[in-house]
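Structure record follows, encoded as structure tokens.
The values are calculated or read from the model by the stated rules, or taken from the named source; none is laboratory data. It should be emphasised that the depicted structure is a prediction, and the values quoted were computed from it without experimental measurement. Please note: Cβ atoms are built from the backbone with ideal geometry, for glycine as well, and neighbour counts cover all protein chains shown. Areas reflect the complete protein model, heavy atoms only, side chains present, ligands, DNA and RNA absent. Shrake-Rupley method; radii C 1.70, N 1.55, O 1.52, S 1.80 Å.
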Amino acid sequence: MFGFISRFKTKANRSKLKDKNFEFLFQEDRSGEYVVFDTETTGLDPKKDEILSIGAVKIKDNKILTSQIFEVFLQNSKEISSKSIKIHGIRPFDLKDAKTTKEGIVEFLNFVGSRPLVGYYLEFDVSMVNKYTKEMLGITLPNKMIEVSEIYFDKTISMIPQGNIDLRFDTILKKCGIPNMGVHNAVNDAIMTAMIYLNLTFSKKK
Amino acid sequence: MSIQDQRKLIESIHPFELLSSTTMDNLMSKIDIAYYPNGTLLISPTISSIAFYIIIKGSVTEYIDDEVHNVYSAGDSFDADALIYGKTKAKFVVDEDLICYEVKKEDFLDLMQDKKVQSYFLQDFITRHQQLKEYDQQSDLSPFLISKVSDIFLHVACVVDADESIYGALKKQQELRAKVIIVKEVEGYSIVTDTNLRQRVLLGENDISKKIGSIASKGLITIDVNDFLFNALLLMTHNAIKRVVVLENERIVGVLEQLDLLSYFASHSHLVAVQIDKASTLSDLKLLDQDFKNLIITLRAKGVKVRYITKLIATLNFKVYKKVFEMCVEEELRDKCALIVMGSEGREDQTLRSDQDNALIIQNGIDTELFKAPMMKLNSHLLELGFPKCNGDVMVSNEFWRRNTSSYKELIEKWTYDMSDESVQNLSIFLDAKCVAGDCTLLDELVTYLHSSFHSRDDVLAHIAKAVLNFETPLSLFSGFVLEKEYNNRLDLKKGGIFALVHGVRTLCLQYEIKATNTIERIKELNNMGVIDKTFATELIESFDTLSSIRLKAMLEAKTIDEANYINPRNLEKNQRDLLKDSFKIINKFKKFMSFHFHLNMVV
């Protein structure tokens, strides 16, 4: 039933694709890889806010392919508020070599292909990206999505039913024994999320 | 920005910081992060190594023949040998979920083209150990920059009122043995130096009944007691003066002389020696106590090898012993006996004073009772000087350790057949005996007797050597080190490593009739006699030096003697930790050697 609905949705989405060059997004994925990604944005409202940078890294089996790190900074229409600079640490100065949103998004789509996406609070990052893809290509990201906090929740709830589970990023990091790599930026967060994912899917004891 | 973070992490791991920027860029584009759950077998004789691993988090244990050979944790990397030679006899097992960087085999071999990296990975133990030590010293701050004014000896300041007569002020200066007179004015201070006196009194028209204030120079140059010595030197150089007045909370606490400042940096060991010779009372000697500690701290900070520091300290301590001996024993009795120090003092391994182990050998035919009172006095003097009491009561105040030559020979006789713990312990202590005062031929005679008594007594020797295996070397499963829970996760350096080495070497020397008492000299002698080869000897010496230097650091930081042998490896720098681990490996190798040499597995 659900399979049917999602297939239907994908089909509807695909029919809206304006640029045939991006057909590859809908092809079946045979790489066996996953893409973990994270974005830094000007704020938390996908309608108003914009993406400042995207960081992504591929996972294959038990490996995070840091040898192929993806990182892009995007130009912005508005001035970055000083409040958000404190969070993502991206100053207007850092964006001086930034790409246009179009270039950046295209590079990102090429990096991702039709691989499944993994992330923490992925819904937000995906809707941020969708905002651009809808405009450019008429579609939303068709990839399969894996939410790490959901895996974490499922694993933890079996141990403490009815418990309140703390799903904050730093808490999950700590519980999974992942070293905090310091500064929060798109690439670092993607790498840490990837480590969480590997820990949750490979670890035997949890 | 973020790729930078990854890069920084790698660069913080020796020897990767040696790589050039381009090589590093190249490397970064080839590195992946891998995750391995607990229990994964990474490399074994049948699974060949496919990558070089650098641990971010977690730990891996290396087994050779099912024995723990090494443990790797965050910041460690492995295993170059397996990659270079394409095979290994070791087994690498993840024992705590592992997150690590992986450099693929081909890329690692490419990296090895870099001479510096290559030499690091291809070195044998000794060179690698020495390289690590050097690297470690580079990071030490120069003592010159970190010593403070409060660390150094300050002269008493002679402060007088401006109304005081020149004569009165000079009297006071004489009493206090001060170099200068500081004059307290209504507001602030001024100073009278020898130059002032020469120019204004001897050559000028002032006479000594005049007020001291009239000949003083204004503008006292001062420094705060918490300021750096380096600044004091700058002040002196800048103002072309030979001394500065030291203040603490705006109050004068003393005068810092240029001569002291310079000799402080020149370690002033000769000064301590001269002062011991000059000392005429016990309190003179007592004053030197702080100097000893300063001397150790300065030398250590300068990167002087611990074995040279201990040598120097031993020499100075022997001087103290000799002095105290002369204070306590009547002149006509002095050449009728020999004062010996044993244990760590006898081995000249001692840095900070641990417990005293000493004894007296009395010439045959002399009444031993004559020495009772002087030895009691000597013991109390030593205690007062801060030589801690010996828990085992191995001191001249104990009758057991105050006998004549024939009585000692009987004791040695007993040691050759009595296998009680007490006898073995006493023998071990006596083996390190070194004569410090009196007629030293008395000790030589006993040592010769000792060696001949134990000649070809391999059974007893094996029994003595067995103690080497008493304590497990703390290199094992628990994150690289076996820590003792009750001691706050710290490990015992003495039991865990130093004891086995010292005792083993000592026993070998008894067997081969080597007279040296210093552990390093003993190892060299053993090498000369062909008991151990050159490489092994050097390995043992380097390990001993590392253990002693880490122990010295712990001792300087410890508050009590009991605490001093414990260190927490987590508090050590990564390099120190590696050095320690390497040293423990050598200790294990030495234990195996001892087991084989004395057939210890057959001794019950």
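Here are a few things to note about the model shown:
- Fully extended contour minus Cα-Cα distance, from B:Lys87 to B:Thr448, at 0.36 nm per residue: 124.8 nm
- For chain B, relative contact order (Cα pairs under 8 Å, six or more residues apart, normalised by length) works out to 11 percent.
- Nitroxide proxy distance, nm - points 7 Å out along Cα→Cβ at A:Ile87 and B:Thr46: 5.4 nm
- In the protein assembly as shown, one over the average inverse separation of all distinct C-alpha pairs is 32.9 Å, which is the Kirkwood hydrodynamic radius.
- A cysteine counts as unpartnered when no other cysteine's C-beta lies under 4.7 Å of its own; in chain B this applies to B:Cys100, B:Cys158, B:Cys328, B:Cys337, B:Cys390, B:Cys509.
- Ligands, DNA and RNA aside, B:Glu102 has an accessible area near 10 Å² when probed at 1.4 Å.
- Neighbour-limited loop hits for chymotrypsin sites (Phe, Trp or Tyr not before Pro), the range B:509-560 (at most 15 other Cβ within 10 Å; DSSP other than H, G, I, E, B): B:Tyr512
- If the segment from B:Asn38 to B:Lys218 were pulled out straight at 0.36 nm per residue, it would be longer than the present Cα-Cα gap by 57.3 nm.
- The accessible-area loss of the range A:60-78 on complex formation, taken against its chain alone with a 1.4 Å probe, reaches 50 Å² or more at A:Asn62, A:Lys63, A:Thr66, A:Ser67.
- Divide the volume of the convex hull around the Cα atoms of the range A:143-206 by the residue count and you get 95 Å³ per residue.
- Rounded, prolate or oblate (a/c below 1.5 giving rounded, otherwise prolate when a/b exceeds b/c) for chain B by Cα gyration tensor: oblate
- Straight-line cross-link reach from B:Lys372 at under 16 Å between alpha-carbon atoms covers these lysines, not counting any fewer than eight positions away in the same chain: B:Lys336.
- Built amide H within the under 5 Å cut-off of B:Asp161, gap 5+: B:Lys184
- Computed over protein heavy atoms with a 1.4 angstrom probe, the accessible surface ordering of A:Tyr152, B:Tyr63, largest first, is B:Tyr63, A:Tyr152.
- Tensor-based shape of chain A (alpha-carbon gyration tensor, a/c under 1.5 rounded, otherwise prolate or oblate): oblate
- Whichever lysines have a C-alpha closer than 26 Å to that of B:Lys115, once near sequence neighbours (fewer than 8 apart) are set aside: B:Lys8, B:Lys30, B:Lys87, B:Lys104, B:Lys105, B:Lys133, B:Lys574, B:Lys581
- Candidates per GluC sites (Glu not before Pro) in the range A:1-87, loop by DSSP, up to 12 other Cβ within 10 Å: A:Glu28, A:Glu79
- Restricting attention to chain A, close to 75% of DSSP beta bridges with both partner residues there are antiparallel.
- Close amide H contacts of A:Arg115 (hydrogens built in the peptide plane, cut-off under 5 Å, sequence separation of 5 or more or a different chain): none are found.
- Per the accessible-area calculation with a 1.4 Å probe, the total area buried between chain A and chain B rounds to 2100 Å².
- Between B:Glu557 and B:Ile64, the distance separating the two model label sites (each 7 Å from Cα on the Cα→Cβ line) works out to 3.1 nm.
- Length gained when the stretch B:Leu203-B:Gln118 is fully extended (0.36 nm per residue, less Cα-Cα span): 23.3 nm
- For B:Asn404, distant residues with modelled amide H under 5 Å away: B:Ile362
- Taking only protein heavy atoms and a 1.4 Å probe, the accessible area of the protein assembly as shown is 52% carbon and sulfur.
- The calculated FRET efficiency for B:Asn226 paired with B:Ile297, based on their beta-carbon distance and R0 = 22 Å, is about 0.80.
- Model label points for B:Asn364 and B:Tyr512, set 7 angstrom from Cα along the Cα-to-Cβ axis, are 3.2 nm apart.
- Among the listed pairs B:Lys172/B:Lys210; A:Lys48/A:Lys144; B:Lys322/B:Lys494, a Cα-Cα separation exceeding 18 Å is found for A:Lys48/A:Lys144; B:Lys322/B:Lys494.
- Going by accessible surface with a 1.4 Å probe and the largest first, A:Lys131, A:Lys86 read A:Lys86, A:Lys131.
- In the range B:2-122, Cα pairs under 8 Å separated by at least six residues give a relative contact order of 34 percent.
- When +1 charges are put on Lys and Arg Cβ atoms and -1 charges on Asp and Glu Cβ atoms, the dipole computed for the range A:28-142 relative to its Cα centre reaches about 140 debye.
- In chain B, the DSSP-assigned H stretches of four residues or longer account for a calculated mean residue ellipticity at 222 nm of -14000 deg cm²/dmol, using -39500 (n - 2.57) per stretch and the full residue count as denominator.
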